[in-house]
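Below is one structure, written out as structure tokens; the observations come after it.
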């Protein structure tokens, strides 16, 4: 597809589904009969109130955002005071993908919870992104960059990095050759590559 | 590029009035193409321009048959036609991609408009409906009909994918406009002076693109 | 935890971002089974409440899990369709058999319907003038381009009536408009130097 998309999660978005799978620490506030199996450490058939367990965001959020919440939540440590200070000190020095591959997307999800620690998350994300953007852009524009550095970035930055690299390559080839060269379609090329690999496998 | 087309068409086609010269039509199509390429949402269709230009092309092709093989003019005309055809195809492809991407959203917006105001051509509308119907059929056959009874619905509202109107675009100002307010920023109003170029959120200038007051670049 | 199988389907797609993985019939069946079991449990809870007044909290939780499973299945199908759609533009209206074998029967039918709807639309362009949108994907720079043939392709009829035979490892100077499709399909390679 040639259309350029800015981040806009929707029902079918793979990134949105994966980022909403990130876990939130929850404490059960209302006894949930018959759901004891969700807590592997307990043998009770029911999920007793007071039980602590990690739930994926997609489940924790609707359970938490009710007039009488089923669970209370705790903000993951990477968005709390101690980690916030590390980011403020030098955001570029942090291997953010080790904190979470979906650092930004998950952060946006968390900002929706009604919890005092959540109000600061939006600002935190914005500041982190602003200070790291220059680094990402630099990497993308520098031809000497090892292409695998992208893997050290969380998904959002990684995609930006790859887009930046691609357009940089296109610009260079346009400056050199004036463009207009016809290429094998991407999927066709991948298909051929795979076929060749299979043949080689058979021969060895 | 437009100059040579105007030249070519001038001696191929004698109808030549101020408003609708081939050069002007080509310029308008190129503008429509750039707008469509950079706008996140689908724009009102320009089928009169497309139809008119395609008609020009077939005239030119008819006339070229009269030229002898090897005539240098043949190659020049053919090249020119190829370039125009590329612009038209690229323009229509971009629209088709948006239609596929935002099918439900575009169709429901379009239902609110009268047929004359529709952003889609009848052909595009027919395609959009078939595209949606085909997806629904696949969802039903493979998954929905096997789900528990109260989960079988094709939930149009949830499944709607919308373009991100807050994304940023580059534009050049054709006509001066005053007092643009960009949401989410300080309350400063932005004035657009003719000829100026800027990077701005799409939402507040969407209507200006459709009126032709600004050109996306 | 709920939705583990469904998540597997999504991860499968994420892993093969470049191609299309074989249709996971069994995976879908397992997710549908989880939905059925959760739904049955809800039904039982509503029919025979164990507490008085009845406690529907668990019913609500299971309901969320069923919806999540539904979302994952539909997202799995939808994202596959996006790839299949791309194939129509890149391979043309006939799929290579190795690719076809990765699709489910309904997906193959979808591909055919999509091709048909697209063809109808393309015929209607310009007051039924008709325009093939799958060609001219790059801006033309010249009428003729130099190409190298990568396979023994055989006969190619040119518009001006000339017929040429494309042989592996030979180079030709051909009208761009007439060989673009073969370049995109990987039969010819555009030689630029």
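The values are calculated or read from the model by the stated rules, or taken from the named source; none is laboratory data. Note that the structure is a prediction, hence the values are computed from the model and not measured. Cβ placement follows ideal geometry from the backbone for every residue including glycine, while neighbour counts extend to all protein chains displayed.
Hey, could you check region C:45-58 for residues that are within 18 Å of residue B:149 (Cα to Cα) and more than 8 Å from chain A (Cβ to nearest Cβ) and say which is surrounded by the most Cβ atoms within 10 Å (Cβ to Cβ)?
Within region C:45-58, the match that is surrounded by the most Cβ atoms within 10 Å (Cβ to Cβ) is C:46.
Hey, does region B:142-162 have a residue that's within 23 Å of the chain's Cα centre (by Cα) and farther than 30 Å from residue C:26 by Cα?
yes
Listed here are the residues, each with its yes/no results for (1) without any contact (Cβ under 8 Å) to a residue 60 or more places away in the chain; (2) assigned to a helix (DSSP H, G or I).
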site	(1), (2)
C:20	no, no
C:23	no, no
C:30	yes, yes
C:36	yes, yes
C:43	yes, yes
C:50	yes, no
C:55	yes, no
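Select from region A:150-167 the residues that are in a helix (DSSP H, G or I) and buried (at least 17 other Cβ atoms within 10 Å of the Cβ) and list them in ascending order.
Correct list: A:150, A:155, A:156, A:157, A:158, A:160, A:161, A:164, A:165.
Give region B:20-33 a look and list any residue that's surrounded by 19 or more Cβ atoms within 10 Å (Cβ to Cβ) and out of contact with any helix residue (DSSP H, G or I) (no Cβ under 6 Å at 6 or more places or on another chain), or say none.
Selection gives B:32 alone.
As an exercise: evaluate residue C:69 against (1) more than 9 Å from every other protein chain (Cβ to nearest Cβ); (2) farther than 30 Å from residue C:90 by Cα and give the number of the one condition it does not meet.
Unmet condition: (1).
Given the condition closer than 29 Å to residue A:72 by Cβ and outside any helix (DSSP H, G or I), answer yes or no: does some residue in region A:137-149 qualify?
no
Looking at (1) away from every other protein chain (no Cβ under 14 Å); (2) in a helix (DSSP H, G or I), which is the only condition residue A:170 fails?
Going through (1) away from every other protein chain (no Cβ under 14 Å); (2) in a helix (DSSP H, G or I) one by one, residue A:170 breaks only (1).
Could you figure out which of (1) surrounded by fewer than 18 Cβ atoms within 10 Å (Cβ to Cβ); (2) within 19 Å of the chain's Cα centre (by Cα) isn't true of residue C:170?
Of everything listed in (1) surrounded by fewer than 18 Cβ atoms within 10 Å (Cβ to Cβ); (2) within 19 Å of the chain's Cα centre (by Cα), residue C:170 misses just condition (2).
Among the helices (runs of 4 or more DSSP H) contained in region B:1-90, which hold 1 or more residues that are over 18 Å from residue C:176 (Cβ atoms) and at pLDDT below 85?
Passing ranges, in order: B:2-12, B:22-38.
Which ones in region C:10-30 are within 10 Å of chain A (Cβ to nearest Cβ) and within 17 Å of residue C:65 (Cβ to Cβ)?
C:10
Against the conditions (1) modelled with pLDDT of 90 or more; (2) surrounded by fewer than 19 Cβ atoms within 10 Å (Cβ to Cβ); (3) within 8 Å of chain A (Cβ to nearest Cβ), where does residue C:61 fall short? Just the number, please.
Looking at each condition in turn, residue C:61 falls short on (2).
Taking the criterion of being over 19 Å from the mean Cα position of the chain (by Cα) and crowded, with 17+ Cβ neighbours inside 10 Å, would at least one residue in region B:208-215 satisfy it?
Taking every residue of region B:208-215 in turn, none turns out to be over 19 Å from the mean Cα position of the chain (by Cα) and crowded, with 17+ Cβ neighbours inside 10 Å.
From A:55, A:18, which residue is in contact (Cβ under 8 Å) with a residue 12 or more places away in the chain, more than 14 Å from chain B (Cβ to nearest Cβ) and within 29 Å of residue C:53 (Cα to Cα)?
A:55
Applying the selection to region C:86-124, what residues are within 9 Å of chain A (Cβ to nearest Cβ) and either within 15 Å of residue B:133 (Cα to Cα) or touching a helix residue (DSSP H, G or I) at 6+ places or on another chain (Cβ under 8 Å) (or both)?
Passing the criteria: C:86, C:87, C:90, C:91, C:96, C:98, C:99.
Considering only region A:34-61, how many residues are closer than 15 Å to residue C:65 by Cβ, out of contact with any strand residue (DSSP E or B) (no Cβ under 8 Å at 6 or more places or on another chain) and at pLDDT below 95?
Count: 2.
Determine the pairs where a residue that is within 14 Å of residue A:159 (Cβ to Cβ), located within region A:131-148, has a partner that is in a loop (DSSP other than H, G, I, E, B) with Cβ atoms under 6 Å apart, the partner being 6 or more residues away or on another chain.
Note: pairs meeting the criteria are A:139/A:145.
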